[in-house]
Number of protein chains: 2
Amino acid sequence: MRVFLPRLRHYSTSTRFRLPPTIHEVLQTTPVGQPVSLTAWVKSIRKQKRIAFGVLSDGSSAAGLQAVFHDDLRERVNEISNGTSLHVTGKIVESLGAGQSRELHVDDVQIIGACDPELYPIQKKAMNAEYLRDYTHLRARTDAIAAMARLRGRLMQGMNQYFADQSFTYTHTPVLTSGDAEGGGEAFRLAPISQDPTLPERDREFFSHPAYLTVSHQLHLEALCSALNRVYTLSPCFRAERGVTRRHLAEFWMLEAEWGVPPVPDPHKQTAALCDFVEGLVRGVVGDSALLGSEDMDVLWRHRENDSVSVADREKRRDALVDAVTREAPWPHMTYSDAIRQLLQANRDWEFPVRWGNALQSEHEKWLCEELVGGPVFVTDYPANLKPFYMRANLPVEGESELTMGCFDLLVPHVGELAGGSVREERLELLKAAMASKGMDADGEQYAWYCALREFGGAPHVGFGMGFERLVGWVGGVDNVRECIPMPRWAGRMLM
Amino acid sequence: MRVFLPRLRHYSTSTRFRLPPTIHEVLQTTPVGQPVSLTAWVKSIRKQKRIAFGVLSDGSSAAGLQAVFHDDLRERVNEISNGTSLHVTGKIVESLGAGQSRELHVDDVQIIGACDPELYPIQKKAMNAEYLRDYTHLRARTDAIAAMARLRGRLMQGMNQYFADQSFTYTHTPVLTSGDAEGGGEAFRLAPISQDPTLPERDREFFSHPAYLTVSHQLHLEALCSALNRVYTLSPCFRAERGVTRRHLAEFWMLEAEWGVPPVPDPHKQTAALCDFVEGLVRGVVGDSALLGSEDMDVLWRHRENDSVSVADREKRRDALVDAVTREAPWPHMTYSDAIRQLLQANRDWEFPVRWGNALQSEHEKWLCEELVGGPVFVTDYPANLKPFYMRANLPVEGESELTMGCFDLLVPHVGELAGGSVREERLELLKAAMASKGMDADGEQYAWYCALREFGGAPHVGFGMGFERLVGWVGGVDNVRECIPMPRWAGRMLM
């Protein structure tokens, strides 16, 4: 029985509560002449004698909205500068100026957030990426970072759609893991809760044993794959890499997927189908004309963050990107062995020696995709010694004595490795042998559960990981991953 | 100029590469009589003299697919047990048995992953939640955990849709932060890279200063909100809570959103609109008939994880859930002061004293939503001393001398606090005063950037956070949050 509640207030709730229209929505749907009210901040303002022109942003679009303030608002306009937040009411009118078809005729304006123009770090003059990294908390107010943030959202939406269409379940695997990523020192470790050496480990550690931040969700995803069959996640990963490059962050987001596949006698076919899936994903998401034709793409590609690249070269790169994701012809596949042959034939003065069994270095990857292929390329079947224990070996090939793995790296121009994946070793004895050969303890606490997945109905499956910031960088033409994530972290540097 | 590549192989890629149909797709679309092939694992198998009936799962649906194996497959059927992975080919036929309309007549079967029935930890007999927590890596093979995982995916999809419809940008704020959550000891800390006390801090720490795992993304989201205006994230959060309850995890996922709002003279209206938004979200996502009517909901609500609740009571709870998210009448709002009055009038023997200014304890929250209201209720306007520094105070109310905040907690039956949010203090002086009153240093490195957001066009905004596992628990009728996430972590316990 419910109690009578004289003091409860009921507010009206439509089944679908709606926030007021954004600038983007107003520009798309509000008819000329109709009154609107908007909350926004000022990207720029130009004050003339009897009139002022402001560009307002609420983050809903790259261009923002031109607002015209007439003389009667002069007093308040005097207080407006770049960065000021406003609540404006007015009417949408046809624009007489160039650059936009419609603008806002402001009838009233209220200043809801002042901004001292002398102190505001986001100036109209060009600010380079390094300067803005010192203002991580404010830099989303620049066109390029805002466009990047929206591009991230759009890419996530597209990826979620692709995976839903293919009957995948979006899952969450843990950030905190008991695995130290094979002890390579790349995994961050949680601080113990006590430093007292007289206590046993289980009392010094919050979780009774050491905990690390995951470097990859793959192994845990495989556990879910053994039950749910098609799983993916887009989750943060962490690497305590001391090296500082334009391609590495200490905290980054990875798209990772694992799925079961029918058994085929030739593992090469599994690898080829895995590459096709990844190609379908990237083309499906990036080749979307709404994304390719978006204002945000224009902002990002027009942005001259890297002045060493000429405008003409940037245009070429963008054309090559559009071509890669929209053309009919599929992306080429080449084996590692073929890649080595091509690199040897190139007759270049490589810094790192090209030799079968050596890892491909950045200079080699760059040449393969940028010069040899001129676009994305899948390099497959790497030597066993270069790859981790969980990959499935290929069958021996006639005339080749070395063991290769059913795996791929996807190389794209100006980024290098965008994604990597493999057929996973599902046979327990072979998995254990691979672990032994790498000096790993298959029966230790860290990997026993992973081996158990093979013991209880472990079946053929494949998977891959894709660096989300690298995807953003490739699609948006952003050279440094620090500008591909809102708040970057790298060795020695963490603001906010 | 592109080089001629005689050794490159091109595989055919349709613009939309498709994986083979899942069991769910086959049951939905494959006509009777049509041959199909499937990869799946065996949930159960019943062997009779000349025939065997298996239930196959590939994680795509709760029910799975009944497969009929005839006598000619006897030899291979002998090797099949619960947990075995199979590749089957056969035909879809009308089912004569009860419980399903269609089944698979198996023509051929290949065992692709054996499973020793003596050792397989996932037995047919009922296994309690605690037993299964020792088999985290395998427990997604149980109906309830698999249904929970799919429910999570579906809730995420729904939330992404709701936020996209309201023009929000999905953003990623960092897990690693420089803030220690006001030093309450709740934040996990990264281990320093050196323990050498003779080194300066900047050489002992990977990031030059201590790093913590975030307890909430709110403050960082506010930075993005000041530029992009409407932002949300679904991200992992971490709390080093020693207390072990059925509602707390050390690693959990939070939905958090922040958005700018037009200024209104009365902050109560902002709070009310904020509640309306949250109600619209929860009702929009959970009230979806495809979700409410899903097989997974049936599995979860039929599941007797908590034997202390009778079947009839579980039915009542489920009906109440459906009613709450589908009925016309909006959820009631009541102020904290009203809640206190009601609790005092209840004439109960409370364990924790009910007094204006005290926090509402679990027993109070439970009574308010389960007994007083009989459904979700927003409790608003808590006393200032109970709430964090970033909340915006209400205007003084006549006849009430104490300061209250423009904030809400959403209480739902059997979960307690599902979400909490507030109007944020956008006025720099008042924010700094609030920080000072809590002994916080507004100019220190940890919060200077947060204050700076107010300095440069900081404008009225609101936001909230919702515990994703609690949402899953409420919607799925799962009593313990450890069964609301695939791989739970809590004090003293972290498997995998």
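When you scan the range B:251-270, do you find a residue that is closer than 23 Å to A:Ile193 by Cα, modelled with pLDDT under 95 and not acidic (Asp, Glu), even just one?
No: zero hits.
Looking at A:Pro383, A:Pro376 in this structure, which one is within 12 Å of chain B (Cβ to nearest Cβ) and touching a helix residue (DSSP H, G or I) at 6+ places or on another chain (Cβ under 8 Å)?
A:Pro376
Can you tell me which residue among B:Val478, B:Val462 is surrounded by 23 or more Cβ atoms within 10 Å (Cβ to Cβ), assigned to a loop (DSSP other than H, G, I, E, B) and in contact (Cβ under 8 Å) with a residue 12 or more places away in the chain?
Of the residues listed, the single one that is surrounded by 23 or more Cβ atoms within 10 Å (Cβ to Cβ), assigned to a loop (DSSP other than H, G, I, E, B) and in contact (Cβ under 8 Å) with a residue 12 or more places away in the chain is B:Val478.
Being touching a Gly at 6+ places or on another chain (Cβ under 8 Å), within 14 Å of chain B (Cβ to nearest Cβ) and crowded, with 20+ Cβ neighbours inside 10 Å narrows it down to one of A:Gly467, A:Gly457, so name that one.
After ruling out the rest, the residue left standing is A:Gly457.
Considering each residue of the range B:66-87, count those that are more than 18 Å from B:Gln28 (Cβ to Cβ) and assigned to a strand (DSSP E or B), and give that number.
So the count comes out to 6.
If we keep just the residues of the range B:130-151 that are within 7 Å of chain A (Cβ to nearest Cβ) and among the basic types (Lys, Arg), which is nearest to A:Ala146 (Cα to Cα)?
Across the range B:130-151, the extreme among qualifying residues is B:Arg150.
Tell me the residue from A:Ala419, A:Ala433, A:Ala448 that is away from every other protein chain (no Cβ under 14 Å), surrounded by fewer than 18 Cβ atoms within 10 Å (Cβ to Cβ) and not in a loop (DSSP other than H, G, I, E, B), please.
A:Ala433
Which numbered condition trips up A:Leu155, out of (1) over 16 Å from A:Arg424 (Cβ atoms); (2) part of a helix (DSSP H, G or I); (3) at the interface with chain B (Cβ under 9 Å from one of its Cβ atoms)?
The failed condition is (3).
From the list B:Leu343, B:Leu321, which one is among the aliphatic types (A, V, I, L, M), in contact with a Leu (Cβ under 9 Å, 6 or more places away or on another chain) and under 27 Å from B:Leu292 (Cβ atoms)?
Exactly one of B:Leu343, B:Leu321 is among the aliphatic types (A, V, I, L, M), in contact with a Leu (Cβ under 9 Å, 6 or more places away or on another chain) and under 27 Å from B:Leu292 (Cβ atoms), namely B:Leu321.
Consider A:Asp338 carefully, then state whether it is over 25 Å from the mean Cα position of the chain (by Cα), buried (at least 17 other Cβ atoms within 10 Å of the Cβ) and on the phi > 0 side of the Ramachandran plot.
So A:Asp338 does not fit the description; no.
If I ask for residues that are polar (S, T, N, Q), touching a Phe, Trp or Tyr at 6+ places or on another chain (Cβ under 9 Å) and farther than 26 Å from A:Lys269 by Cα, which ones from the range A:321-361 would you list?
A:Gln361
Are any residues in the range A:17-38 among the aliphatic types (A, V, I, L, M) and out of contact with any Pro (no Cβ under 9 Å at 6 or more places or on another chain), and if so, which ones?
Passing the criteria: A:Leu19, A:Ile23, A:Val26, A:Leu27, A:Val32.
Among the residues of the range B:302-361, which ones are part of a loop (DSSP other than H, G, I, E, B) and among the polar types (S, T, N, Q)?
B:Asn306, B:Ser308, B:Ser310, B:Asn347, B:Asn358, B:Gln361
For the condition closer than 25 Å to B:Tyr447 by Cβ and either touching a strand residue (DSSP E or B) at 6+ places or on another chain (Cβ under 9 Å) or buried (at least 21 other Cβ atoms within 10 Å of the Cβ) (or both), what is the one hit in A:Arg189, A:Arg139?
A:Arg139
How many residues, within the range A:418-453, are within 24 Å of B:Met494 (Cβ to Cβ) and of a type outside the set (Lys, Arg)?
Residues flagged as within 24 Å of B:Met494 (Cβ to Cβ) and of a type outside the set (Lys, Arg) within the range A:418-453 amount to 16.
Can you work out which of the residues in the range A:95-122 that are part of a loop (DSSP other than H, G, I, E, B), surrounded by 12 or more Cβ atoms within 10 Å (Cβ to Cβ) and of a type outside the set (Ser, Thr, Tyr) is modelled with the lowest pLDDT?
Looking at residues that are part of a loop (DSSP other than H, G, I, E, B), surrounded by 12 or more Cβ atoms within 10 Å (Cβ to Cβ) and of a type outside the set (Ser, Thr, Tyr), I get A:Gln100.
Just name the residue that is farthest from the other protein chains (Cβ to nearest Cβ) out of those in the range B:164-207 that are assigned to a loop (DSSP other than H, G, I, E, B) and among the β-branched types (Val, Ile, Thr).
B:Thr198
Can you find even one residue in the range B:407-416 that is buried (at least 18 other Cβ atoms within 10 Å of the Cβ) and over 30 Å from B:Asp319 (Cβ atoms)?
So far as the range B:407-416 goes, yes, one or more of its residues are buried (at least 18 other Cβ atoms within 10 Å of the Cβ) and over 30 Å from B:Asp319 (Cβ atoms).
Out of everything in the range B:231-270 that is within 24 Å of the chain's Cα centre (by Cα) and within 26 Å of B:Pro332 (Cα to Cα), what residue ends up being surrounded by the fewest Cβ atoms within 10 Å (Cβ to Cβ)?
That would be B:Arg247.
I'm trying to understand the selection: among the residues of the range A:254-278, which are of a type outside the set (A, V, I, L, M), touching a residue at least 40 places away in the same chain (Cβ under 8 Å) and farther than 30 Å from B:Pro236 by Cβ?
Passing the criteria: A:Pro262, A:Pro263, A:Asp266, A:Pro267, A:His268, A:Gln270, A:Thr271, A:Cys275, A:Asp276.
Just checking, which of B:Leu96, B:Leu104 is out of contact with any His (no Cβ under 7 Å at 6 or more places or on another chain), within 11 Å of B:Val68 (Cβ to Cβ), more than 14 Å from chain A (Cβ to nearest Cβ) and without any contact (Cβ under 8 Å) to a residue 60 or more places away in the chain?
After applying the criteria, what remains is B:Leu96.
Being polar (S, T, N, Q) and either closer than 25 Å to A:Gly463 by Cα or surrounded by 14 or more Cβ atoms within 10 Å (Cβ to Cβ) (or both) is the filter here, so list the residues in the range A:356-401 that pass it.
The answer is A:Asn358, A:Gln361, A:Ser362, A:Thr380, A:Asn385, A:Asn394.
Is the range B:460-470 home to any residue that is among the aliphatic types (A, V, I, L, M) and either within 27 Å of B:Gly284 (Cβ to Cβ) or modelled with pLDDT of 95 or more (or both)?
yes
For every residue, the table says whether it meets (1) of a type in the set (S, T, N, Q); (2) more than 10 Å from every other protein chain (Cβ to nearest Cβ); (3) closer than 26 Å to B:His137 by Cβ.
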position: A:Ala227; (1), (2), (3): no, no, yes
position: A:Val231; (1), (2), (3): no, no, yes
position: A:Phe238; (1), (2), (3): no, no, yes
position: A:Arg246; (1), (2), (3): no, yes, no
position: A:Trp253; (1), (2), (3): no, no, yes
position: A:Glu258; (1), (2), (3): no, yes, yes
position: A:Pro262; (1), (2), (3): no, no, yes
position: A:Pro267; (1), (2), (3): no, yes, yes
position: A:Ala273; (1), (2), (3): no, no, no
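The values are calculated or read from the model by the stated rules, or taken from the named source; none is laboratory data. Worth saying up front: this structure is predicted, and the values here are computed from it rather than measured. Virtual Cβ from ideal backbone geometry, glycine too; neighbours counted across all protein chains shown.
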